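The values are calculated or read from the model by the stated rules, or taken from the named source; none is laboratory data. On a predicted model such as this, the values are computed, not experimentally measured, just so you know. We work out accessible area using only protein heavy atoms, side chains counted, and drop any ligands, DNA or RNA first. Shrake-Rupley method; radii C 1.70, N 1.55, O 1.52, S 1.80 Å.
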Amino acid sequence: MIDQRKEYKFVLKNNELENFLFSIRKKINVLYPTRQIASLYYDTFDFLLYKKSRDIDTNKMKVRVRKYGNKNQYFKEIKLNDSEGKTKIIEELNISHFDEAKYISERNLNLLPAVFTSYTRDYYQYGDIRLTIDKSIFFSNHTSRSLHKTSYLFPDSVVEYKMASGLPNVEKSFLMNPVAFSKYQEAISKIYNV
């Protein structure tokens, strides 16, 4: 499956999130039940994907294996950001645990497990926008990088507007300026100090 869309992110402290939700409470509807999302991100041995993600705006890629909620389903997801916009390619994997997700070869790169992320996600409909809120964001290393267990609890929440790329005047619904934020970048910088 290939998904093309526009995304805007906002990083909010707990009190800011409460104020934001209060301000839009009459305009949002719950889309799906809250669920836990866990991901295992991949990178080259020298963190090439992380460095490109951090240092350039386009022509970059993220590769992860992701599990949504309590279902025993795992998906390989490739997120591309190029001159055409943002694209996500999703493929269901025939595995039953992250331990079975070994190495991945993608676009002539040999990728190995890099870092785990997990968080709780709430889903809302806000007009023509799908709104997600990620809380309790947790990062930890993978044993392929270090046998020493390292973890980090991110103190803030991430609000994301997701919409079809042609939606006009979406900026009118912003209560603040969006930011460039990546859980993967944050995880690598906190866990490995790259």
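Per the Kirkwood formula applied to alpha carbons, segment 90-194 shows a radius of gyration over Rh ratio, Rg over Rh, of 1.03. Which aspartates and glutamates, if any, have their Cα less than 20 Å from the Cα of LYS27, not counting same-chain residues under 8 positions apart? Partners within reach: GLU7, GLU16, GLU18, ASP122, ASP128, ASP134, GLU160, GLU171. Each eigenvalue of the Cα gyration tensor of the chain, multiplied by 5 and square-rooted, gives one semi-axis; in descending order these are 28, 19, 17 Å. Taking every Cα-Cα distance in segment 1-93 and sorting them into 10 Å bins from zero, the calculated P(r) comes out as 13, 32, 34, 20, 1 percent. Residue order by solvent-accessible surface for LYS88, LYS190, LYS27 is LYS27, LYS190, LYS88, largest first, with ligands and nucleic acids left out and a 1.4 Å probe.
Structure remark: mean-square fluctuation, Gaussian network model of the chain, C-alpha springs under 10 Å; the largest value among LYS67, LYS149, LYS79 belongs to LYS149. With q set to 0.16, 0.26, 0.33 Å⁻¹, the log10 of I(q)/I(0) for segment 24-66, from the Debye formula over equal scatterers at the Cα positions, is -0.64, -0.91, -1.18. Solvent-accessible area of segment 1-150 (1.4 angstrom probe, protein heavy atoms only): carbon and sulfur portion equals 49 percent.
Probing with 1.4 Å while keeping every protein chain in the model, the per residue accessible area of the chain equals 56 Å². When all protein chains stay in place and ligands, DNA and RNA are ignored, the 1.4 Å accessible-area order of ASP46, ASP57, ASP82, ASP134, largest first, is ASP57, ASP46, ASP82, ASP134.
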